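Have a look at this one before I ask anything.
The values are calculated or read from the model by the stated rules, or taken from the named source; none is laboratory data. Here the structure is a predicted model, which is why all the values come from computation and not from measurement. Backbone-built Cβ (ideal geometry, glycine too); neighbour counts: all protein chains shown.
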Amino acid sequence: MTEALFCSLKVERLHCEFLTVRAAKDAVIHWILWYNQKRMHSPRLPESA
């Protein structure tokens, strides 16, 4: 799962040029917030009894 997260981050945010390190950090933080709060998540399956 971690690999999918970082793959998405690389594809969606890190394959562009940033003028400053701060701009790159801001882009990553913005993406992580979106990833955790706004994107459509897969429904969780009920745990087996």
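Go through (1) modelled with pLDDT of 85 or more; (2) not in a helix (DSSP H, G or I) one by one and return the number of the condition residue 48 breaks.
(1)
Considering only residues that are surrounded by 12 or more Cβ atoms within 10 Å (Cβ to Cβ) and either among the aliphatic types (A, V, I, L, M) or part of a helix (DSSP H, G or I) (or both), which ones fall in region 6-22? Spell out how you get there, then give the answer.
Applying the first criterion (surrounded by 12 or more Cβ atoms within 10 Å (Cβ to Cβ)) to region 6-22 yields 8-9, 12-14, 18.
Correct list: 8, 9, 12, 13, 14.
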